[in-house]
Amino acid sequence: MARNQKPRPTSGGELRIIGGDWRSRKLRFPEAGGVRPTPARTRETLFNWLSFHIAGSRCLDLFTGSGALGLEALSRGAGTTVFVDHTPELAQALRSNLRLLKTEDGEVACQNVDTYLAQTPTKPFDILFMDPPFRQGWLEKLFPMIANNGWVKPGSWIYVEHESELPTPATPANWTLHRQKTAGQVTYCLFRVEGTEDI
């Protein structure tokens, strides 16, 4: 998931899925871009938060890297996941891993995230994961694109990670902070999109 700007231990190019149908499956991914998967403990916390919302959901995994969050979602019963990353080697590895897992429920888009979000989706997503490189202002840039271009709807969930030394960036008015934790130098947050009548 995260790029080399983020202070995490190296993964050695191996990802272990921690829950669901593919629990304990180990997958390889290239070291391109200095990618590190979101740690297992963080993933476990996140999917505990989302446990009643994963089944059948449409997920979007931005800056996907190793695909840790999107693959975990599919393993736990998500209906579909779209993985977006601009690095060709990572996109190809994800396609290979999806074939290895014998699933057709994942789609990989090898594209810059801002270019991808500039388009209009066919329908909103239920859950969006976003773990961008730190200290590049991605969240401030992408939050309005996500809210204004139809990527989420009332009831959608948005998970983000950011550097813990900075406050969480301002979100659109109808995004409510549901859960937040800090682990070392990483803060992770889960937002819920409310209906306009609830703002």
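The numbers here are math on the coordinates, done by the rules we state, and not lab data. Just so you know, these numbers come straight off a predicted model, no measurement behind them. Because the Cβ atoms are built from the backbone with ideal geometry, glycine has one as well, and the counts that use them run over all protein chains shown.
Beta bridges from DSSP with both residues in the chain: antiparallel share about 50 percent, rounded to the nearest 5.
Dividing the helix sum by the residues of the chain, where each DSSP H run of 4 or more adds -39500 (n - 2.57), gives a mean residue ellipticity at 222 nm of -7000 deg cm²/dmol. Here the stretch 14-198 was treated as a single set of alpha-carbon atoms; its pair distances binned every 10 Å from 0 give 9, 40, 40, 10, 0 percent. Dipole magnitude for the chain: about 600 debye, using +1 per Lys or Arg Cβ and -1 per Asp or Glu Cβ, origin at the Cα centre. When only alpha carbons are used to place a centre, the stretch 55-114 and the stretch 131-188 end up 19 Å from one another. Packing around the peptides 61-69, 18-26, 81-89, taken as the average count of other Cβ atoms within 10 Å per residue, puts them in this order, highest first: 61-69, 81-89, 18-26. When the P(r) is computed for the stretch 159-199, the part past 13 Å accounts for 53% of the Cα-Cα pairs.
Summarising the amide proton neighbourhood of V82: residues at separation of 5 or more, or on other chains, whose placed amide H is nearer than 5 Å comprise C59, L60, D61, E107. Taking the fewest neighbouring Cβ atoms within 10 Å as the starting point, the ordered list for T171, T122 is T122, T171.
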